[in-house]
Every structure is written in C-alpha cells, then in structure tokens.
Amino acid sequence: MEKPADALEPALAAWRIEPDNQWYLAEYLRALRNLEMYGELIDCGVYIRGGGVCRYYLAVAERELGIYPSPSVEYLLDTSSCVDDSAAADACIWLAILLQNEVDSDSVIVLVETAATLQPDEDFYRCILAEKLAENGEIERSREHLHFLRSKGSTGYSYWQACASLAEAEEDADRRIWALRRARIDRICPESSRNLGWTLYFSGRDALRDGDMLLSKERLLEAVSLGDSSEIYVHKSDSLLELIHEFENSIPGSH
C-alpha cells in the first residue's frame, strides 16, 4: 500500500468484497487521496458512516475541490460535542489535523487535549498531544505525557514521532534521528522514511558545514538508502555526496 497507483485496485477489490467494511473503504479512499482523485473520492461519500478516517479523507477532498463550508468538517464539529465520548474524541483529533494550518496552535492543542481527556486510555491521543505540545514549545508538558506513556510501557509509531518532535524542540538532533529510526522500525512507510530521510539530510548538510565530513557521509548515505530517486531528500543527499567525493578526489594522494 506504499505506492498509491499500485494500491488503488487491490484496495477497491477488498472493499467490493466487503462493502460494509469501513476499514477497507478507508484504504481505498487513502489511495484516491494520494493520487489526488478527489472527484472519485467525493463520489464515495454516500458510503461513509459516522466520523473516523473516512470522514477525514472526505473532508480533505471537499477542501481540495473548494467546497466551503465543508460538509464533513461541519459533521466533525457537530460530533466533537456529542454525548458519545469515543466519537467525540475521534472527531476532535481529525479536526485538529484538518484545521492545524487554519487556527492557532493553542486551539489545536485544546482539540487534542479534549480527545485525550474524553478517552484517557487511548495512548494515540496522548501521543498526538505530546507532539503538539512540543511543536508549540511547551516542552515540560510534552515530557510529562511522554513519561506517563513510557511508564505504562506504551510505545509505537506515534510515540516515537512525539519523541522526535520533543527532541527537535530541545534542539537535540541526534536524539531526533534516534527516535525517527525507532518510528521507522515500528512502521516502514513513505511518511516514516521521509521524516527520517529529511532529518538525516539536514544533519548531514550541517555536519559538512561544520567540517565533519565523516559524519556527513554517514548521515547522507543513510538518507539515500531510505528511498528512490523520486524522493527529493534522496536527490539532495546524492548531490552533497557527489560534492564530497569530488573534494576527496581532489586531495593529492587520495587516489
């Protein structure tokens, strides 16, 4: 499912076999979104029940097609204040993701914090909260939530992503790379590879500027290994490696 074009037909086939399965529908909608087939995604709206990730994908399509106000955003707004704590928490999380570039960071945190409060046993919500707090510079609060999660033995992709955000807020590049490596081990997907790849590229570039060529090569080579030539971070890492090789070859006695 990592390549949208390859994922489309299998996802559609799975959903057709079990048309009531919202998870299969979500995989099909995800492929449509990644291929920017927003019209086809909108057409699937009649099959979506409730909130959740399917409603989120529909909201993305509505916004991309300029449908304002977005019926799906309105649906999530209504659901965020419903009496069903689980449905309300889920709606708050998707709203936080959808609106993160449109409202101030404090409002996003309130939405995520509401979700975590409504469903305190859902570690995913607390991970997202720790991540958003770190991004907002609220380092101590982010640490508290991550410490709580760690103390109960809860780790996973979202946890390591939150750890990486905290490390970035604390300007600890090495720990950020370490956390992103753990995230990628937990879930190898385009997102985890790109997050780690870009971080390795910037670290390798900074190391080169600081004169640490050995560390720079190490980071850049790792970045290149994470994707193919279509990835921008791979192309940029390759370019820096070529510069390093040219420099090394220009040194007398290096041949």
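Taking the criterion of being open to solvent by 30 Å² or more (accessible area, probe 1.4 Å) and part of a helix (DSSP H, G or I), the residues of the stretch 15-24 that qualify are 16, 17, 22, 23, 24.
Restricting 12, 76 to those that are open to solvent by less than 40 Å² (accessible area, probe 1.4 Å), among the hydrophobic types (A, V, I, L, M, F, W, C), within 25 Å of residue 187 (Cα to Cα) and modelled with pLDDT of 90 or more reduces the list to 12. Restricting 215, 208, 226 to residues that are among the aliphatic types (A, V, I, L, M), touching a helix residue (DSSP H, G or I) at 6+ places or on another chain (Cβ under 6 Å), in a helix (DSSP H, G or I) and touching a residue at least 24 places away in the same chain (Cβ under 8 Å) narrows the list to 208.
For every residue, the table says whether it meets (1) within 26 Å of residue 136 (Cβ to Cβ); (2) assigned to a helix (DSSP H, G or I); (3) open to solvent by 50 Å² or more (accessible area, probe 1.4 Å).
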residue: 26; (1), (2), (3): no, yes, no
residue: 30; (1), (2), (3): no, yes, yes
residue: 43; (1), (2), (3): no, yes, yes
residue: 50; (1), (2), (3): no, no, no
residue: 54; (1), (2), (3): no, yes, no
residue: 68; (1), (2), (3): no, no, yes
residue: 113; (1), (2), (3): yes, yes, yes
residue: 120; (1), (2), (3): yes, no, yes
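Contact annotation: residue pairs with Cβ atoms under 7 Å, 6 or more positions apart or on different chains, pairing a residue in the stretch 3-25 that is without any contact (Cβ under 8 Å) to a residue 24 or more places away in the chain with a partner that is among the polar types (S, T, N, Q) and surrounded by fewer than 17 Cβ atoms within 10 Å (Cβ to Cβ), are 15/21.
Residues of the stretch 180-195 that are touching a Gly at 6+ places or on another chain (Cβ under 9 Å), more than 12 Å from residue 156 (Cα to Cα) and open to solvent by less than 50 Å² (accessible area, probe 1.4 Å): 190, 193. Give the residues of the stretch 144-164 that are assigned to a helix (DSSP H, G or I) and surrounded by fewer than 17 Cβ atoms within 10 Å (Cβ to Cβ), sorted by residue number. Those that are assigned to a helix (DSSP H, G or I) and surrounded by fewer than 17 Cβ atoms within 10 Å (Cβ to Cβ): 144, 147, 148, 150, 151. Looking at residue 36, is it under 21 Å from residue 118 (Cα atoms) and either in contact (Cβ under 8 Å) with a residue 60 or more places away in the chain or open to solvent by 60 Å² or more (accessible area, probe 1.4 Å) (or both)? The answer is no for residue 36. Looking only at the stretch 213-241, count how many residues are at pLDDT 95 or above, among the acidic types (Asp, Glu) and either farther than 19 Å from residue 189 by Cβ or open to solvent by 50 Å² or more (accessible area, probe 1.4 Å) (or both). Selection size over the stretch 213-241: 2. Within the stretch 139-162, residues that are without any contact (Cβ under 8 Å) to a residue 40 or more places away in the chain sit with their Cβ atoms under 7 Å from residues that are among the β-branched types (Val, Ile, Thr), at 6+ positions apart or across chains, in these pairs: 158/128. Applying a threshold of 7 Å to beta carbon distances and a minimum spacing of six or more residues, or different chains, the list of pairs starting in the stretch 83-99 at a residue that is in contact (Cβ under 8 Å) with a residue 40 or more places away in the chain and within 17 Å of residue 59 (Cα to Cα) and ending at one that is open to solvent by 10 Å² or more (accessible area, probe 1.4 Å) and among the basic types (Lys, Arg) reads 94/55. Entry remark, the stretch 185-205: residues being touching a residue at least 40 places away in the same chain (Cβ under 8 Å) and assigned to a helix (DSSP H, G or I) number 2 in total. Going by what's in this entry, would residue 165 be described as within 20 Å of the chain's Cα centre (by Cα), within 18 Å of residue 93 (Cβ to Cβ) and at pLDDT 95 or above? So residue 165 passes the test.
The values are calculated or read from the model by the stated rules, or taken from the named source; none is laboratory data. These figures come from a predicted structure and were not determined experimentally. Quick reminder, even Gly has a Cβ in these numbers, built from the backbone with ideal geometry, and neighbours come from all protein chains shown. Heads up: the accessible areas ignore ligands, DNA and RNA and are worked out on the full protein's heavy atoms, side chains in. Shrake-Rupley method; radii C 1.70, N 1.55, O 1.52, S 1.80 Å.
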